[in-house]
Amino acid sequence: MSSSTSPTHADLTTKRLILRPWTASEITAILTDTRSAHWADDFPAEGDRVVAGLFDQNPAWFGAYGHRLIIERESGLVVGSIGLFWPPDEGVLEIGYGIVASRRGKGYAPEATRALTEFALTAPDVHTVSANVELSNPSSVRVLEKAGFHRWAGTEENAARFTVTRTHLGGSRFPGVLEAIPLGPRPVG
């Protein structure tokens, strides 16, 4: 068993999804508008293009706690992306996600968000995962609520901040979300 505090870049697997780290070739394909047979017809969405364009400025996004593609297990197609905006700021790590229109309404966004949040909270320097959502986007608010996030009291007029902490992992907050993930040492506390 390794004493490393950094887990491998292995896929995270849920009941219906695989969350796999981006590759440099996928980023290049998105940035050059080169289609892949392994993408849903409406992937990449605009948010995926934005993220792909930011990897050069944010190399930590390639790390274990970085950004991932969301793959529908049944079809094997990429249907969105999700990511952690590494590094954490005073123990708080922000999450962002997007599912292509053709796969919305199937519960993929909350499933992926729960899985990546659970994984993020295993990082030694992370105690909270957060997301900022515009209140004009009720679908994203529902995603976070279904994923177990709680609305933070200090919100802006047109936006809300949602958070989940390590303490939410105890008990039944995230039962059986992940089928298998390789983990480094569990954080103490």
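Things to note:
- When the GluC sites (Glu not before Pro) in segment 73-109 are filtered for DSSP coil states and for at most 11 other beta-carbon atoms within 10 Å of their beta-carbon, the remaining sites are E74, E90.
- Calculated FRET value between T163 and F62, using beta carbons and R₀ = 30 Å, to 0.05: 0.75
- Relative contact order %, segment 27-85, counting alpha carbon pairs below 8 Å whose residues are six or more apart: 34 percent
- Efficiency of FRET between D11 and A101 - r from beta-carbon atoms, R0 22 angstrom, step 0.05: 0.35
- Take every Cα pair under 8 Å whose residues are at least 6 apart in sequence, average their separation, divide by the length of segment 55-114, and the relative contact order is 24 percent.
- Surface composition of segment 56-152: carbon and sulfur make up 48 percent of the accessible area, probe 1.4 Å.
- Ligands, DNA and RNA are left out, and with a 1.4 angstrom probe the accessible area of segment 74-158 is 48 Å² per residue.
- Each residue of segment 35-44 is assigned a 3J(HN,Hα), and the resulting list reads 6, 10, 5, 8, 10, 4, 4, 9, 9, x Hz, derived from the Karplus form 6.51 cos²θ - 1.76 cosθ + 1.60 (θ = phi - 60°), x at Gly and Pro.
- Phi to ³J(HN,Hα) by Karplus 6.51 cos²θ - 1.76 cosθ + 1.60 over segment 109-121, Hz, x for Gly, Pro: 5, x, 5, 5, 5, 4, 5, 5, 5, 4, 5, 4, 6
The values are calculated or read from the model by the stated rules, or taken from the named source; none is laboratory data. A quick note: this is a predicted structure, and the numbers were derived from the prediction, not measured. Note that we place each Cβ from the backbone using ideal geometry, even for glycine, and neighbour counts take in every protein chain shown. Heads up: the accessible areas ignore ligands, DNA and RNA and are worked out on the full protein's heavy atoms, side chains in. Shrake-Rupley method; radii C 1.70, N 1.55, O 1.52, S 1.80 Å.
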